[in-house]
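First up is the structure itself, then whatever we jot down about it.
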């Protein structure tokens, strides 16, 4: 059965799940089968034993969302520390864009990096471009 955790009390190691059919079931942390700790609003899959939920698993959508968040943060770091090379890696490897479609943003970021040789103005352009590509790459990874 599928449902959502309404509440989980860490001190008591127990909580309540609201099933998709509208019923509520109590559970204890000993029935929790996933690696991530139970929290409110998590979507779960579980079996029923009377009024209790047993064999509770976190559904894949939550796990996938966590993976995307980690990849998004990696994308931000790659773009910040590696510049235009990080832009290319983020787009091709993390967001799975084709190399052809990732080439133009990478070249634009490269030109902005070369502009750093111009005192003050080049530095400003470089930082604005890097921040822009950090945000854009993050969004691409999160939506892939």
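Please treat every number below as a calculation from the coordinates, not as lab data. On a predicted model such as this, the values are computed, not experimentally measured, just so you know. When we count neighbours, we look across all protein chains shown, and the Cβ atoms used for this are built from the backbone with ideal geometry, even at glycine.
Do you know which residues across segment 58-112 are over 19 Å from the mean Cα position of the chain (by Cα) and surrounded by 14 or more Cβ atoms within 10 Å (Cβ to Cβ)? 83, 84, 85, 88, 102, 103, 105, 106, 108, 109, 110, 112 - these are the residues of segment 58-112 that are over 19 Å from the mean Cα position of the chain (by Cα) and surrounded by 14 or more Cβ atoms within 10 Å (Cβ to Cβ).
Condition check ((1) part of a loop (DSSP other than H, G, I, E, B); (2) free of Cβ contacts under 8 Å to residues at least 24 places away in the same chain; (3) over 30 Å from residue 21 (Cβ atoms)) across all residues:
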site: 45; (1), (2), (3): no, no, no
site: 66; (1), (2), (3): no, no, no
site: 80; (1), (2), (3): no, no, yes
site: 114; (1), (2), (3): no, yes, yes
site: 125; (1), (2), (3): no, yes, yes
site: 130; (1), (2), (3): no, no, yes
site: 137; (1), (2), (3): no, no, yes
site: 141; (1), (2), (3): no, no, yes
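Scanning segment 47-64 for residues that are outside any strand (DSSP E or B) and without any contact (Cβ under 8 Å) to a residue 24 or more places away in the chain yields a count of 4.
Being in a strand (DSSP E or B) and in contact (Cβ under 8 Å) with a residue 40 or more places away in the chain is the filter; apply it to segment 1-13 and report the residue that is nearest to the chain's Cα centre (by Cα).
Kept after step one, since they are in a strand (DSSP E or B), are these residues of segment 1-13: 2-9.
Checking the rest, the ones that are also in contact (Cβ under 8 Å) with a residue 40 or more places away in the chain come to 2-4.
Details: 2: 22, 3: 22, 4: 20 Å.
Within segment 1-13, the match that is nearest to the chain's Cα centre (by Cα) is 4.
Does segment 14-31 include one or more residues that are surrounded by 13 or more Cβ atoms within 10 Å (Cβ to Cβ), touching a helix residue (DSSP H, G or I) at 6+ places or on another chain (Cβ under 8 Å) and assigned to a loop (DSSP other than H, G, I, E, B)? No, that holds for no residue.
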